[in-house]
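The values are calculated or read from the model by the stated rules, or taken from the named source; none is laboratory data. Model, not experiment: these values are computed from the prediction. Every residue, glycine among them, receives a Cβ derived from its backbone with ideal geometry; neighbour counts consider all protein chains shown.
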Amino acid sequence: MDTSQNQRLEQICQDAMCSACGLCESLFGPARVQMAITPEGDLRPVIKPGVALGAEEMDRLERLCPGQRLEALPAAFASPDGQDDLIWGHYEAMQMGWASDPQVRHRGATGGVLTALALYLLESGEVDFILHAKASSQQPSFGERQVSRNSEQVIEGAGSRYAPTAILVDVLELLDLDRPFAVVGKPCDLSAINNLAREDPRVDRLIRARLAPVCGGYMPPEGQARFIQQDLGLDPARITAMRYRGYGCPGPTRIELDDGQVVEASYSDFWGQDESQWVLPFRCKVCADGIGEAGDIAAADTWPGGSPDPNDTSYDPGTNALIIRSQRGRALVQRASAAGYLSLGETLGPRDLDGFQPHQRNKKLAVGSRYAGLAAEGKRHPATQDLRLDALTEAMGPAEAQRQTEGTRQRVGVGKASEPLPRAVAWFKRP
Ligand SMILES: Cc1cc2nc3c(=O)[nH]c(=O)nc-3n(C[C@H](O)[C@H](O)[C@H](O)COP(=O)(O)OP(=O)(O)OC[C@H]3O[C@@H](n4cnc5c(N)ncnc54)[C@H](O)[C@@H]3O)c2cc1C
Ligand code: SF4
Ligand code: SF4
């Protein structure tokens, strides 16, 4: 048996470019490739014993995997009135917003905008179901894909999962249903959808909206272990449920234990107060689209400076910044607002977003020179389309670009851009 092609999938993971979207499980089928919990505690696609992947199917995977290719939503989705910003990309409008239903606003990670839009799409009958995420029943700290066919299920998925969350494990089977649906996923998940759309016309016909949280990355196993074991002194094996955000903005990080005990910590306790020390997957540190250029609408936090004030204990109901990127997204916001699902506030501009998201702005400027560092060390990075990386590098200036490139080369040198061959400690079962 010739298993030489298998290495092409494994190498995406070993070069630390897998964001655990789950698409390859859907492409190959779980009998051949399945998402698995690895010895390192991460979630990765693992090839089943005795399986030899073919060259053509590997070519396809490399065209579709968001660790290989990232693309903004195609220009055909834009209107002639849209604007373009070097940092924030194409947008039709930027606006404050929140879910009109106070309970949805309370449950949502920020202001519940993504949940409100999903509820509108479902309850109006525009779509049959929502593909998004919820807490995993198998591994309480993880997320898992949720297919919501009623409002309760949509609300169950509200909140951010700051952990591996493979929402695309059966996306091809969902397309096979030949019914309209909407996707709420991280920008890298939506990039995978956009990549698939180039080859599968059902994507543009059936997926009526692509909605994203603006995303700085999730917390990898070593960060979770530091928080759960070192900071809180808890045994991870005793955790039965974990919630990161929601029930206020940001709301408490809440852990339930097997004896019924509940432990709560703050957002700042979870992430740490010094943003430069946040533990993130390497893939997320070199992400060229954390700002959701792949989606019709991206929804962000609106804390000045990028983080909540850890000393402010007053209740914040949550207000999102909406980055509306397509004609279709603009029309959806209008319909959801007219139908009473969404409340809209002041109009925003790109420099407001810089103020709410300084970490996204800085990463967007730096990512092209980080890619240069990866390339110089013979490491892969995703090919990009319409993400302006050369112009961003130029805008950052040569000295900082050089510093970013060198910093990345050093990180490669100490193994930060390498992962072990993915192996399965436990198969991650589909919900
Ligand atoms: C990993 C991660 C990193 C983030 N980083 C930033 C950041 O840097 N800056 C910023 O402004 N905001 C960030 N957010 C987004 C922020 O937490 C809110 O999700 C966003 O403002 C939308 O708020 P909302 O109230 O509209 O969301 P909600 O109404 O609570 O809806 C959230 C939706 O996202 C889906 N979802 C949650 N987690 C995941 C996941 N891991 N994978 C796929 N789908 C998921 C849920 O199922 C739900 O449908 C991040 C979110 C995530 C998941
Ligand atoms: S990013 Fe997605 S498609 Fe690519 S290897 Fe990881 S799980 Fe598979
Ligand atoms: S930072 Fe980028 S790669 Fe990481 S989870 Fe977010 S969108 Fe995906």
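Annotation note: of 154, 127, the sole residue that is assigned to a helix (DSSP H, G or I), in contact with a helix residue (DSSP H, G or I) (Cβ under 6 Å, 6 or more places away or on another chain) and modelled with pLDDT of 95 or more is 154.
Within segment 259-284, residues that are assigned to a helix (DSSP H, G or I) and modelled with pLDDT under 90 sit with their Cβ atoms under 9 Å from residues that are of a type in the set (S, T, N, Q) and surrounded by 11 or more Cβ atoms within 10 Å (Cβ to Cβ), at 6+ positions apart or across chains, in these pairs: 275/307. For segment 151-202, the set of residues classified as more than 13 Å from ligand 2 (Cβ to nearest atom) and small (Gly, Ala, Ser) consists of 151, 157, 158, 159, 160, 163, 182, 197, listed by residue number. Of all residues in segment 9-40, those satisfying the criterion of being within 16 Å of ligand 1 (Cβ to nearest atom) and either assigned to a loop (DSSP other than H, G, I, E, B) or on the phi > 0 side of the Ramachandran plot (or both) are 18, 19, 20, 21, 22. Please tell me if residue 325 is more than 16 Å from ligand 2 (Cβ to nearest atom), touching a residue at least 40 places away in the same chain (Cβ under 8 Å) and surrounded by 23 or more Cβ atoms within 10 Å (Cβ to Cβ). So residue 325 passes the test. Scanning segment 356-378 for residues that are farther than 14 Å from residue 406 by Cβ, more than 16 Å from ligand 3 (Cβ to nearest atom) and either in contact with a Ser or Thr (Cβ under 9 Å, 6 or more places away or on another chain) or of a type in the set (Lys, Arg) (or both) turns up just one, 356. Checking 255, 239 one by one, the residue that is crowded, with 20+ Cβ neighbours inside 10 Å, more than 16 Å from ligand 2 (Cβ to nearest atom) and at pLDDT 95 or above is 255 and no other. Against the list (1) within 16 Å of ligand 3 (Cβ to nearest atom); (2) surrounded by fewer than 23 Cβ atoms within 10 Å (Cβ to Cβ); (3) under 23 Å from residue 415 (Cβ atoms); (4) not hydrophobic (A, V, I, L, M, F, W, C), the condition residue 218 fails is (2). Taken over segment 157-167, residues that are of a type in the set (A, V, I, L, M), within 12 Å of ligand 3 (Cβ to nearest atom) and in a loop (DSSP other than H, G, I, E, B) amount to 2.
Pull up segment 109-150, narrow it to residues that are more than 23 Å from residue 267 (Cβ to Cβ) and within 16 Å of ligand 2 (Cβ to nearest atom), then point me to the one that is surrounded by the most Cβ atoms within 10 Å (Cβ to Cβ). The qualifying residue surrounded by the most Cβ atoms within 10 Å (Cβ to Cβ) is 145.
For the criterion of being within 16 Å of ligand 1 (Cβ to nearest atom) and in a loop (DSSP other than H, G, I, E, B), residue 67 passes.
When residue 116 is tested against (1) touching an Asp or Glu at 6+ places or on another chain (Cβ under 8 Å); (2) more than 16 Å from ligand 3 (Cβ to nearest atom); (3) outside any helix (DSSP H, G or I), just one condition goes unmet, and that condition is (3). Taking first residues from segment 143-161 that are within 20 Å of residue 429 (Cβ to Cβ) and partners that are among the β-branched types (Val, Ile, Thr) and within 16 Å of ligand 2 (Cβ to nearest atom), the Cβ contacts under 7 Å between residues at least 6 apart in sequence or on separate chains come to 143/165; 144/165; 145/167; 145/169. Is segment 10-27 home to any residue that is away from ligand 2 (no atom under 15 Å from the Cβ) and not basic (Lys, Arg)? No, every residue in segment 10-27 fails to be away from ligand 2 (no atom under 15 Å from the Cβ) and not basic (Lys, Arg). Selection of first residues in segment 298-316 that are at negative phi and β-branched (Val, Ile, Thr) and of second residues that are at pLDDT 95 or above and part of a loop (DSSP other than H, G, I, E, B), restricted to Cβ pairs under 6 Å at least 6 apart or on distinct chains, gives the following pairs, ordered by first then second residue: 302/319.
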